[in-house]
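Read through the structure below, which is laid out as structure tokens, and then see the notes.
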Amino acid sequence: MASSGLPLLTDRYARRIESLRISVTDRCDLRCFYCMPEDVEWLPRKSLLSFEEIERVARVALEGGVRRLRVTGGEPLLRKDLPTLIARLARLPGLEDLALTSNATQLDRLAVPLRQAGLERVNISLDSLDPDKFRKLTNRDMHAQVMGGIDAADAAGFGHISLNCVVIRGQNDDEVVDFARLARERAFDVRFIEFMPLEHGTKWGTDVMVPGKELRERIAEVFPIEPDPDQDPHAPSRDWLFRDGAPGSVGFIDSVTQPFCSTCNRIRLTADGKIRTCLFSLRENDLLGPLRAGADDKELAALLGAAVATKEKKHHITDGLFVKPERTMSQIGG
Ligand code: SAM
Ligand code: SF4
């Protein structure tokens with residue numbers, strides 16, 4: 001039992017849920033081609049969870065054994081007054097880790113307020129070090145702004161800066177060694193993510209998805225690397241350190257070729273109040289309705305428990321049983 005007396009959130013496969021990803025908006029100022037269509041329809045404002053509602057769900061989840069919160073989106077920095085929400089989440093009992101995933105376009109102005117509000121870690125998405133390639137991947141000319149945002153985060157004193165890079169064959173896979181060099185020079189943790197079929201339309205395919213193993217081998221030819229001995233077994237990324245003792249690391253989120261479903265301890269809360277037990281879930285569990293109908297904490301805890309009980313054993317990307325969810329990554333909360 002958790003400290004409040006609520007049962008711990010554990011699924012049918014004995015996976016204890018310890019991480020909640022909270023999407024605070026479905027909007028974004030980039031249009032990464034693998035994530036968001038140009039002509040996307042936004043959620044109506046009234047269906048977005050308020051800060052009070054997000055805080056309540058987070059508090060009840062923490063009472064059920066969740067220890068880590070990650071705020072995401074869409075682009076979370078587009079949510080008005082985000083530092084206020086961060087401050088409210090940062091003081092919740094039982095919280096051990098509070099992080100944010102962002103594209104960094106707004107970090108120049110927000111890095112310091114977020115740090116002051118109690119944010120501990122940021123993961124920044126950056127798919128190219130080259131402004132032209134960045135524009136092609138994101139459909140926006142904002143490379144300089146993003147690089148400025150990364151500098152602002154670095155200067156604001158976040159513990160570790162992680163860069164997330166989705167690798168697409170023929171577009172940015174020639175940059176992996178440059179990213180590894182950047183990790184060494186700036187003491188960043190660079191994580192390479194395999195392209196997953198969560199895009200709008202049909203852009204995904206094994207021809208454009210680059211297996212993490214291939215990237216690892218390319219990097220190791222230039223910078224010898226070894227597995228991080230302190231690897232968190234529940235983390236999606238397998239991290240490697242530089243053998244020569246250089247700072248920083250490279251990590252590989254091989255969601256397609258090396259699924260980590262058996263150790264997955266995450267659930268997601270969408271911006272419109274649905275619990276998703278897997279990125280690839282085909283059904284969602286509504287909390288918005290019950291929250292607005294006056295559900296008390298015990299009822300919310302029961303709804304969370306019931307959702308967790310349906311957590312999928314694994315995804316089916318490579319076994320022929322895969323059905324793509326209707327919502328894209330930006331609407332789910334990556
Ligand atoms: N806008 C923020 C950002 O880009 O960091 C947060 C939300 S974004 C959906 C979270 C992460 O999901 C990003 O690192 C992004 O690159 C990744 N992502 C989006 N679509 C993806 C896909 N189809 N396959 C793999 N990763 C994807
Ligand atoms: Fe926006 Fe992030 Fe999706 Fe890119 S990956 S379109 S930055 S939500």
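Each Cα pair under 8 Å and six or more residues apart adds its sequence gap; the mean of these over the residue count of the chain is a relative contact order of 22 percent. Annotation: average projected area of the chain is 16.0 square nanometres, based on the convex hull of Cα atoms across all directions. Packing, as the average of other Cβ atoms within 10 Å across residues, places the peptides 214-222, 279-287 in the order 279-287, 214-222, highest first.
Highest first, please rank the peptides 99-105, 143-149 by the mean number of other Cβ atoms sitting within 10 Å of their residues. Display every interim value, and only then the final one.
Details: 99-105: 24.4, 143-149: 18.4.
Per-residue mean Cβ counts within 10 Å order the peptides as 99-105, 143-149.
Pairs from the list Lys133/Lys203; Lys46/Lys274; Lys136/Lys203; Lys213/Lys313; Lys46/Lys324; Lys46/Lys80 with a Cα-Cα gap above 19 Å: Lys213/Lys313; Lys46/Lys324. Ranking Ala306, Phe280, Val166 by how far each Cα lies toward the positive end of the dipole of segment 19-332 (charges on Cβ) leaves Ala306 at the top. Peptides 240-251, 113-124 ranked from most to least packed give 113-124, 240-251, packing being the mean of other C-beta atoms within 10 angstrom over each peptide's residues.
Only the Cβ atoms of Lys and Arg (+1) and of Asp and Glu (-1) were treated as charged; on that basis the dipole of segment 19-332 about its Cα centre amounts to roughly 820 debye. Placing unit charges on the Cβ atoms only, positive for Lys and Arg and negative for Asp and Glu, gives segment 97-220 a dipole magnitude near 120 debye about its Cα centre. Modelled label positions at Glu226 and Arg91, each set 7 Å beyond Cα in the direction of Cβ, lie 4.6 nm from each other. Calculated FRET efficiency, Arg109 to Asp319, Cβ-Cβ distance, R0 = 51 Å: about 0.70 to the nearest 0.05.
Solvent-accessible area per residue in the chain equals 43 Å², computed with a 1.4 angstrom probe and all protein chains kept.
Across Ala183, Ala90, Ala14, mean-square fluctuation computed from a Gaussian network of the chain (C-alpha pairs under 10 Å connected) peaks at Ala14. Cα centroids of segment 30-60 and segment 114-135: 19 Å apart.
The values are calculated or read from the model by the stated rules, or taken from the named source; none is laboratory data. The model shown is predicted, which means the values in this text are computed figures rather than measured ones. In this analysis, Cβ positions are derived from the backbone assuming ideal geometry, glycine residues included, and neighbour counts consider all displayed protein chains. To get the accessible areas, we keep the full protein, side chains included, count just its heavy atoms, and leave off ligands, DNA and RNA. Shrake-Rupley method; radii C 1.70, N 1.55, O 1.52, S 1.80 Å.
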